[in-house]
Each structure stands twice: as structure tokens, then as C-alpha cells.
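Worksheet: one structure, shown below.
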Amino acid sequence: MGNLSKRTAIVTGGARGIGGGTARKLAADGAHVLIIDVEESSAKKNVDTIRASGGQADFMIGDVSEENVVKEMVTLALNQTGRLDILVQNAYGGNAHASGSAVDISPDAWDRGLGLLARSLFLGAKYAVPAMEESGNVGGSSPDDWTGAGLRHGMAPNQNVGRIVNISSVHGLLQAPKALIYESGKAAVIGLTRQMAVDFGPLGITVNAIAPGHIVTEAGEAMWSESGNEPGFRLFELQYPVRRTGVPEDIANAIAFLCSDDASFITGVVLPVDGGLSIQLQEDVIMRLKDYIVENPNLRTHFDDRSLEQ
Ligand SMILES: NC(=O)c1ccc[n+]([C@@H]2O[C@H](COP(=O)([O-])OP(=O)(O)OC[C@H]3O[C@@H](n4cnc5c(N)ncnc54)[C@H](O)[C@@H]3O)[C@@H](O)[C@H]2O)c1
């Protein structure tokens, strides 16, 4: 019995990467997980992996920027398990990372990018929140439990009715050049998370965001082997106070905590899970790494095609 047993969780983009690791972690903690993804073979593979280790999981193929898909995923979760407790909004792909400034990008690229990065999260909450409310608290809420110093003023509030975790990024906190769509989308995730936390707190539903640093996923491994080398990857690691980049499990563990009953007093936060990347003084990092870069003139990273003027 894990601490998420009897819960039903939806993980968008749960076939692989951070979502893949999150689906496995929530299932390992006892939740029944429904993966929504556009990529069928990876979704099936992840479901098979979860089931092989004794977990409960299913998948649905669909693009979460489409309203009917979001509506359908909530209905499917309710039909399969009779309830919905957790929504992790993580899906990412297509042109969500299309590069360019406001001058460069087209209005259509903006609509499609923000359609996935921000609008799909609004849709997720729109349909998931009523389902969570209807499902209620797994343990059932009993006013008799409402005792103890600091807890006993007024009516017993709704607690642990639902959890929404939205995936932002360090790019939602700090800006990189020529990335209007992604940076704006990830900043929007922070704003909509706070708004939803205020709106849904009284229902017993917490809403938090996570801002991951550089997480090496299956796609990240492929990107590094194509356009990076060892000294280049080491340069990335040296930028982190903890001297490593992340893995999907780092994010999955934080999400699982935010979804647990232990996190019932945490809402509206943006939790950086970034090995300390975003708390450093940037000019100090640059000066510290200057010698490493001079000593490794052949280092390559996936940023190599970007010049300072870009
Ligand atoms: N990997 C990182 O370094 C990093 C850092 C910060 C934030 N993030 C954020 O974490 C989240 C996951 O990123 P990742 O690196 O694991 O990505 P990924 O590409 O490895 O996985 C994304 C998953 O989403 C699915 N997907 C794409 N478009 C979809 C759609 N329209 N509907 C449903 N599913 C869709 C993909 O098929 C894939 O399975 C994203 O929100 C990303 O912005 C990632």
C-alpha cells in the first residue's frame, strides 16, 4: 500500500521523459495512472513497464491541446476507476519550443505553442476539477477529525480532495533569447497555477508548479549524442551547484510529494527542482567556468549553433 493508493492520476505526456518517470513513480506509490500522449508505442511501453512491476496503468492517445481530448481523458479516468484525484500537466512537443522573437514568429505559431503550453492546462483544470470534487477525499472527510490546536477554528475545510501539478521550467523564471513562445508559455504556467490555487483551494484541491532545470530524458540523451560531447555535457554539470544535471526521477519524486496528503498545506508554489541552477549569481558562474571553456576548446553542446548576437 503506497501513500497514493486508491487514487486515480492522469499524467499528460506520460509516455516518456519527465512524464514517463512521473507515471512510473505515481503508480509505484499506489495510484492508478492514466497516461495521455500522442505517441502510442512509447505510451504502451511505459504502461507495460508499470504493469510488469505490479502497478496499475492505462493509456489514451490524444493531443491535449484539443478540448475534446481533455474532456475525454477525464471521462475515461472516471469510467475506469470511478474517481479522479491527481492531474499532472506535463505534455510538451510540436512547436512549443519554436524559436524566435516577437518579430520572428507567426501569430499561428504563437497560437499553437501557447495552445499546448498554457491553454491545455486551463482545459485540464476546467474538466478535472469538477471530477475531483465529485470524487471527494479518498479517506472521506469527517468533521469529527477536525480537532487539535491550530486546527479547530471554524468549519472543517475540504482537504486532500485533489492535486494538480503543472510543469513549468527554469525558463518560466529566467529568460533565454529568441524563445518567446516557450518562455512566455512557461511563465504563463506560473500565473495560471497561482490563480488556480486561489480558486480551487476552498474545494480542497491544491495546485502547484514545478520548474525543472536541465533534465536528461530519452530525447535529451539523443540530442546530446547527436550534437554534444563529454566536455560539453560536463560544462552543463559544472553550472549546477550540485554538479549534475537532472533525471526524470528527480522531478517525479517532487511531484509525488506534492500529490501526497503530507503536502496538503502547500499550494500555489513554484518549486524549482533544478539542483540550485536558478539561485546563482550569473556573472559569477560565467567567470568560474571561463577557465574550463578555455581549457576545453573542442567542447560541443546542443547550443553550439547559437551565437551571442542571436
Ligand atoms: N527535459 C528538460 O530539461 C525540461 C526542463 C524544464 C522543463 N521541462 C518540461 O517538462 C515537461 C516534459 O518535458 P520532457 O523533456 O520530458 O519532454 P519529452 O519530449 O521527453 O516528453 C514529452 C511527452 O509529451 C508528449 N506530447 C507531446 N505533445 C503532446 C500533446 N499535444 N498531447 C499529449 N502529449 C504530448 C510526447 O509524445 C512525450 O511523450 C515539459 O512541460 C517541458 O517543458 C523539461
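Just one of 184, 260 is more than 16 Å from the ligand (Cβ to nearest atom) and touching a residue at least 40 places away in the same chain (Cβ under 8 Å); which is it?
Of 184, 260, the one residue that is more than 16 Å from the ligand (Cβ to nearest atom) and touching a residue at least 40 places away in the same chain (Cβ under 8 Å) is 260.
Scan the range 23-41 and give yes if some residue there is within 7 Å of the ligand (Cβ to nearest atom), in contact (Cβ under 8 Å) with a residue 24 or more places away in the chain and among the aliphatic types (A, V, I, L, M), otherwise no.
yes
Restricting the first residue to the range 87-98 and requiring it to be of a type in the set (Val, Ile, Thr), which pairs with a second residue that is in a loop (DSSP other than H, G, I, E, B) meet a Cβ separation below 8 Å and a spacing of at least six or different chains?
88/14
Considering only residues that are at positive phi and more than 16 Å from the ligand (Cβ to nearest atom), which ones fall in the range 87-131?
100
Looking at the range 151-159, is at least one residue away from the ligand (no atom under 16 Å from the Cβ) and modelled with pLDDT of 95 or more?
Residues of the range 151-159 away from the ligand (no atom under 16 Å from the Cβ): 151-159.
Restricting the remaining residues to those that are modelled with pLDDT of 95 or more gives none.
For the range 151-159, residues away from the ligand (no atom under 16 Å from the Cβ) and modelled with pLDDT of 95 or more: absent.
Out of the residues in the range 265-307 that are farther than 30 Å from residue 195 by Cβ and touching a Pro at 6+ places or on another chain (Cβ under 6 Å), which is surrounded by the most Cβ atoms within 10 Å (Cβ to Cβ)? Spell out the reasoning first.
If we filter the range 265-307 for residues that are farther than 30 Å from residue 195 by Cβ, which is where we start, we get 281, 283-307.
Narrowing further to those that are touching a Pro at 6+ places or on another chain (Cβ under 6 Å): 296, 299.
Numbers: 296: 15, 299: 18.
That would be 299.
In this structure, does residue 219 turn out to be within 16 Å of the ligand (Cβ to nearest atom) and either under 14 Å from the mean Cα position of the chain (by Cα) or at positive phi (or both)?
no
Considering 222, 179, 197, which residue is among the small types (Gly, Ala, Ser), free of Cβ contacts under 8 Å to residues at least 24 places away in the same chain and farther than 20 Å from residue 275 by Cα? Explain how you work it out, then say what you get.
Working: 179 fails: free of Cβ contacts under 8 Å to residues at least 24 places away in the same chain; 197 fails: free of Cβ contacts under 8 Å to residues at least 24 places away in the same chain.
Being among the small types (Gly, Ala, Ser), free of Cβ contacts under 8 Å to residues at least 24 places away in the same chain and farther than 20 Å from residue 275 by Cα holds for just one of 222, 179, 197, which is 222.
Of the residues 245, 206, which single one is within 12 Å of the ligand (Cβ to nearest atom) and modelled with pLDDT of 95 or more?
Result of the check over 245, 206: 245.
Within the range 190-210, restricting attention to residues that are surrounded by 24 or more Cβ atoms within 10 Å (Cβ to Cβ) and aliphatic (A, V, I, L, M), which residue is farthest from residue 270 (Cα to Cα)?
Here the residue is 205.
State which residue is surrounded by the fewest Cβ atoms within 10 Å (Cβ to Cβ) when the search covers only the range 27-41 and only residues that are in contact with a helix residue (DSSP H, G or I) (Cβ under 7 Å, 6 or more places away or on another chain) and more than 22 Å from residue 257 (Cβ to Cβ).
37
Among the helices (runs of 4 or more DSSP H) lying completely within the range 226-302, list those that include at least 2 residues that are within 26 Å of residue 86 (Cβ to Cβ) and among the β-branched types (Val, Ile, Thr). Reasoning before the result, please.
On the way: elements: 230-238, 248-259, 282-295.
It comes to 248-259.
The values are calculated or read from the model by the stated rules, or taken from the named source; none is laboratory data. Every value quoted in this text rests on a predicted model; they were computed, and no experiment measured them. Ideal geometry is used to build each Cβ from the backbone, glycine not excepted, and the neighbour counts take in all protein chains shown.
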